[in-house]
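Trainee: Can you keep this structure in mind? I'll have questions shortly.
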Amino acid sequence: MPSCRVLKHVSIERTTRVMQLEGMFDIPPTERSESSFDVSLPFEDRDWSIGLIVGPSGSGKTTIARELFPEAIAWTPTWHERRALVDSFPDKMTMREITQLLSSVGFSSPPAWLRPFGALSNGEQFRANVARTLAENPTLSVIDEFTSVVDRVVAKIGSAAVAKAVRGTNRRLIACSCHYDVVDWLQPDWIFDTLNMRFQWRELQRRPAVAVELVRVSTEAWVVFRHHHYLSATLNRSARCFMALVDGRPAAFTAVLPFPHSRRSGYREHRTVSLPDFQGIGLGNAVSEYVGSLFRALGKPYFSTTSHPAMIRHRAKSPLWVMTSAMNYNAPVGRTSSSTMNAPAIPAGPADFRAGSPARIGYRTRPTASFEYVGPARHDDAHRFGLL
């Protein structure tokens, strides 16, 4: 059972102003200020994945963590100043492992992975630091000042993403934070509150719901999202566009194009992207599926092709999608195709593979998978959005 007696003390130099202050507020003269308290964390009694040491600033969170977990909290990530973010991860990790870890903590923006750490936003840096900490400390990670540098909406969503990442592995995480609002989102197995020095076990609960508002927008809204799309910043001008708002803030975007086909004409998903601050809670998939339900109400099939590993995994397990084309390394990319989402691939003929031909140039080497949305059709909502 981790326990310790924490003694905090500091010498006081008796300057003129110190003596004046003592006289003004009737403070007994002293050359030493100290406080002590006993800490006991009986978390060895059960299995756990996530712990939270929480309390007001100055209440001893960092001191306790340093006393009980000196090696884990002493490690802090350092980043290359000019090299890409991924270059700072351990050499023994493969690119697949690095990208999966970054995605698991809700940082699913490959264009941002190419930038140096210093070029990232506060929210991106927070998630990158969490990913590095988990990578370098595979058994126990201790993160001080957890979510302190990000706004509270990002803190909550980021906490949910981090919790999901930790519970999906055999890792353990202890977060130290002065913000009580992360409790319901991080879902710790135990909490130690330094306000009253009380330890308590906590049962896992469903995280709070995220209130999302979906609105029709013009293609001009793409400017907010274009640099965060993981393969393409272009958007077809004829696309029908939808934007998801969280607390009134732009959070995710989906665009749809007609899919003229000789056998099964319908619609195809052209772009879907979530802003980095809102990644990690499944918002992109939720918006994608909701928009699919709107277009399915039009009585035609709704298709999508993606090369994003997390989206492929989600759709392969979801009853809302049927895979129409399994993992394929030769899916064509046209000028209006989605790089994220596209219609089912139609193989080009042998003549289309001449060196330098558009079809040859357009073929990618990354794996893709094609799907058809088969979930419910929302006719009333389609009317409300002006699609029917």
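Trainee: Considering every residue within the range 285-306, establish whether at least one is at pLDDT below 95, surrounded by 19 or more Cβ atoms within 10 Å (Cβ to Cβ) and farther than 23 Å from Arg384 by Cβ.
Mentor: yes
Trainee: Six or more apart or on different chains, Cβ under 6 Å: which pairs go from a residue in the range 209-238 that's more than 19 Å from Leu120 (Cα to Cα) to one that's loosely packed, with under 12 Cβ neighbours inside 10 Å? Could you list them?
Mentor: Close Cβ pairs satisfying both conditions: Thr219/Arg237.
Trainee: Same structure again: How about the range 117-134: which of its residues are more than 15 Å from Ala74 (Cα to Cα) and touching a Ser or Thr at 6+ places or on another chain (Cβ under 9 Å)? If you could, list the steps in order and put the result at the bottom.
Mentor: Residues of the range 117-134 more than 15 Å from Ala74 (Cα to Cα): 117-128, 131.
Hits for the range 117-134 are Phe117, Glu124, Phe126, Ala128, Ala131.
Trainee: Could you check how many residues of the range 7-33 are touching a residue at least 24 places away in the same chain (Cβ under 8 Å) and over 17 Å from Thr194 (Cα atoms)?
Mentor: Taking the range 7-33 and keeping what is touching a residue at least 24 places away in the same chain (Cβ under 8 Å), we get 7-10, 33.
Now restrict to residues that are over 17 Å from Thr194 (Cα atoms): 9-10, 33.
Result for the range 7-33: 3.
Table: residues versus (1) touching a Lys or Arg at 6+ places or on another chain (Cβ under 8 Å); (2) part of a helix (DSSP H, G or I); (3) surrounded by fewer than 14 Cβ atoms within 10 Å (Cβ to Cβ).
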site	(1), (2), (3)
Ile73	yes, yes, no
Val86	no, yes, no
Leu101	no, yes, no
Phe107	yes, no, no
Asn129	no, yes, no
Ser141	yes, no, no
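Trainee: Residues Glu67, Glu34, Glu97: which one is touching a His at 6+ places or on another chain (Cβ under 9 Å) and open to solvent by 60 Å² or more (accessible area, probe 1.4 Å)?
Mentor: Step by step, each of Glu67, Glu34, Glu97 is checked, and only Glu34 is touching a His at 6+ places or on another chain (Cβ under 9 Å) and open to solvent by 60 Å² or more (accessible area, probe 1.4 Å).
Trainee: Which residue is modelled with the highest pLDDT, if the candidates are limited to the range 307-338 and must be assigned to a strand (DSSP E or B) and under 21 Å from Arg237 (Cα atoms)?
Mentor: Taking the candidates together, the pick is Pro332.
Trainee: Related question: Which residues, counting only those in the range 219-231, are modelled with pLDDT of 85 or more and among the aliphatic types (A, V, I, L, M)? Give the steps one after another, and end with the answer.
Mentor: First pass over the range 219-231, keeping only residues modelled with pLDDT of 85 or more: 219-226.
Listed by number, the residues that qualify are Ala221, Val223, Val224.
Trainee: For the range 218-267, which residues satisfy the criterion of being closer than 23 Å to Gly280 by Cβ and part of a strand (DSSP E or B)?
Mentor: Filtering the range 218-267 for residues closer than 23 Å to Gly280 by Cβ gives 221-222, 224-233, 242-255.
Across the range 218-267, the qualifying residues are Phe242, Met243, Ala244, Leu245, Val246, Arg249, Pro250, Ala251, Ala252, Phe253, Thr254, Ala255.
Trainee: Look through the range 110-127, keep the residues that are within 27 Å of Leu52 (Cβ to Cβ) and not in a helix (DSSP H, G or I), and return whichever of them is least open to solvent (accessible area, probe 1.4 Å).
Mentor: Narrowing the range 110-127 to residues within 27 Å of Leu52 (Cβ to Cβ): 117, 120-127.
From what is left, the residues that are not in a helix (DSSP H, G or I) are 120-121.
Details: Leu120: 14, Ser121: 50 Å².
Selected residue: Leu120.
Trainee: Since Ser238 meets every condition but one in (1) closer than 23 Å to Arg296 by Cβ; (2) touching a strand residue (DSSP E or B) at 6+ places or on another chain (Cβ under 6 Å), which condition does it not meet?
Mentor: The one condition Ser238 does not meet is (2).
Trainee: Among residues belonging to the range 37-62 that are in a loop (DSSP other than H, G, I, E, B) and polar (S, T, N, Q), point out the one that is surrounded by the fewest Cβ atoms within 10 Å (Cβ to Cβ). Talk me through it step by step, then tell me what you get.
Mentor: First pass over the range 37-62, keeping only residues in a loop (DSSP other than H, G, I, E, B): 41-42, 46-49, 55-60.
Filter once more, keeping what is polar (S, T, N, Q): 49, 57, 59.
Numbers: Ser49: 17, Ser57: 9, Ser59: 18.
Within the range 37-62, the match that is surrounded by the fewest Cβ atoms within 10 Å (Cβ to Cβ) is Ser57.
Trainee: Could you pull out the residue among Arg14, Arg66, Arg5 that is part of a strand (DSSP E or B) and modelled with pLDDT under 90?
Mentor: Values: Arg14 fails: part of a strand (DSSP E or B); Arg66 fails: part of a strand (DSSP E or B).
It is Arg5.
Yes/no per residue for (1) at pLDDT 95 or above; (2) more than 23 Å from the chain's Cα centre (by Cα); (3) open to solvent by 30 Å² or more (accessible area, probe 1.4 Å); (4) under 24 Å from Glu136 (Cα atoms):
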site: Gly168; (1), (2), (3), (4): no, no, yes, yes
site: Cys178; (1), (2), (3), (4): no, no, yes, no
site: Glu203; (1), (2), (3), (4): no, yes, yes, no
site: Ala233; (1), (2), (3), (4): no, no, yes, no
site: Asn236; (1), (2), (3), (4): no, yes, yes, no
site: Ala244; (1), (2), (3), (4): yes, no, no, no
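Trainee: Name the residue that is most open to solvent (accessible area, probe 1.4 Å), counting only residues in the range 180-201 that are in a loop (DSSP other than H, G, I, E, B) and touching a residue at least 12 places away in the same chain (Cβ under 8 Å). Don't jump to the end; show me each part of the working.
Mentor: Step one: filter the range 180-201 for residues in a loop (DSSP other than H, G, I, E, B), giving 187-189, 194-197.
Those still in the list that are touching a residue at least 12 places away in the same chain (Cβ under 8 Å) too: 187-189, 194-195, 197.
Details: Gln187: 13, Pro188: 0, Asp189: 21, Thr194: 8, Leu195: 121, Met197: 58 Å².
Taking the candidates together, the pick is Leu195.
Trainee: Look through the range 246-284, keep the residues that are of a type in the set (Phe, Trp, Tyr) and open to solvent by 10 Å² or more (accessible area, probe 1.4 Å), and return whichever of them is nearest to Asp151 (Cα to Cα). So that I can check it myself, show each step before the final result.
Mentor: To start, the set of residues in the range 246-284 that are of a type in the set (Phe, Trp, Tyr) comprises 253, 259, 267, 278.
Going one step further and asking which of them are open to solvent by 10 Å² or more (accessible area, probe 1.4 Å), we end up with 259, 267.
Working: Phe259: 41, Tyr267: 38 Å.
Among those residues, the one meeting the criterion is Tyr267.
The values are calculated or read from the model by the stated rules, or taken from the named source; none is laboratory data. Note that the coordinates shown come from a computational prediction; the quantities given were computed from them, not determined experimentally. Every residue, glycine as well, gets a Cβ built from its backbone with ideal geometry; the counts of neighbours run over all protein chains shown. For accessibility, only protein heavy atoms count, side chains too; no ligands or nucleic acids. Shrake-Rupley method; radii C 1.70, N 1.55, O 1.52, S 1.80 Å.
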